[in-house]
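Single-structure report; data block below.
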Amino acid sequence: QIYPSADQACTYVADAITDLVSERNAAGQPTVLGLATGSTPVRLYRELIRRCQAGLSFQRVITFNLDEYYGLSGDHPESYRRFMQDQLFDHIDILPENTHVPDGLAAKDEVFESCSDYEAAMREAGGLDIQILGIGRTGHIGFNEPGSGPESRTRLVTLDSLTRRDAARDFLGEENVPRHAITMGVGTILDARQIFLLAWGEAKARVIAESVEAPPSESIPASFLQGHPNCVFCVDEAAASHL
Ligand code: GLP
């Protein structure tokens, strides 16, 4: 779906989230959301904060974030845990124990267990109802860099050099960007019942066209979303300009 502005795209996605959360709240049931970081979903989170201020309760919402830099504690200013607190969680009535972000400090020999615990927690919560995604210029979703297969699960990965270069500004220099991250796998993401991928601006136009139009392959992990029965790419006109 191509929107004249990112704000309009975010209104559409916020409406879908609002409808589901309201319905589940009325039935006394939880809603499970998969959340993303990066600059792209910030407007969506602002809109969700407004909806909360207007009366939408997040007390029954359970969230799982896609990824976290490996080696960063949740207090680190560039950690994704910190990002989520600042951009969303601290401004809505979600219960802290219902927010999950992969543990960037899991010891090397405990990462595997920590990742399978993360997947188990998602399953116990009932699975992801809605997954929000951004996209990296390498075609990554979460931190599933080129080479990530459709069956991949939550795991420790090595970041692509382009991804580290793109993150250099936030970390005040590429040498400060972590080399590894923990990410949900492509397979984990594909298990979500509904997926919205968001992208704005010319810089994402090439990778959006490849994700939508090229045959699904590990060289553009986002292309595996083509096989999902309920996935919408919500883009602005600039991000759609190479389609
Ligand atoms: C990081 C995140 C991705 C995000 C991407 C794009 O790599 N792990 O989840 O989609 O950045 O970031 P931005 O939205 O700032 O363009």
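Since every read-out is calculated from the coordinates, none of them should be taken as a lab result. Every value quoted in this text rests on a predicted model; they were computed, and no experiment measured them. Heads up, the Cβs are rebuilt from the backbone with ideal geometry, glycines too, and the neighbour counts pull from every protein chain shown.
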Taking placed amide H atoms and a strict 5 Å upper bound, the residues 5 or more places from H180 or on another chain that come that close are Y70, L159
Taking H242, H100 and counting other beta carbon atoms within 10 angstrom, the fewest-first order is H242, H100
Once phi for every residue in the stretch 206-213 is put through the Karplus expression 6.51 cos²θ - 1.76 cosθ + 1.60 (θ = phi - 60°), the whole-Hz ³J(HN,Hα) values, with Gly and Pro written as x, are 5, 6, 5, 4, 5, 5, 8, 10
Given the candidates L33, S152, W200, the one whose Cα lies deepest towards the positive end of the charge dipole of the stretch 2-236, counting +1 at each Lys or Arg C-beta and -1 at each Asp or Glu C-beta, is W200
Extension length gain for A26 and E210 (0.36 nm per residue less Cα distance), in nm, is 62.2 nm
The chain: relative contact order from alpha carbon pairs under 8 Å, six or more residues apart, as a whole percent, is 23 percent
Zone reached by a paramagnetic label modelled 7 Å from Q1 Cα along Cα→Cβ, restricted to the stretch 206-230 with backbone N below 14 Å, covers 230
For the stretch 2-236, shape from the Cα gyration tensor axes a ≥ b ≥ c, cut at a/c of 1.5 then a/b versus b/c, turns out rounded
Other residues with Cβ under 12 Å from the Cβ of F89 give, with Lys and Arg +1 and Asp and Glu -1, a net charge of -2
Computed ³J(HN,Hα) along the stretch 75-91: with the Karplus parameters 6.51/-1.76/1.60, θ = phi - 60°, integer Hz and x for glycine or proline, the list is 8, 4, x, 9, 6, 6, 4, 4, 4, 5, 4, 5, 8, 9, 4, 6, 10
Charge dipole of the chain built from unit charges on the beta carbon (Lys, Arg +1; Asp, Glu -1), centred at mean Cα; most positive-end Cα among F143, Q59, M122 is Q59
Scoring the stretch 178-227 by relative contact order with C-alpha pairs under 8 Å, at least six apart, yields a percentage of 28 percent
Amide H proximity to T63 below 5 Å, modelled H, separation 5+ or other chain, gives L33, T99, H100
Check: C-alpha center the stretch 174-202 vs C-alpha center the stretch 64-142, spacing in Å is 11 Å
Treating only Lys and Arg (+1) and Asp and Glu (-1) as charged, each at its beta carbon, one finds that the chain has a dipole about its Cα centre, in Debye to the nearest 20, of 300 debye
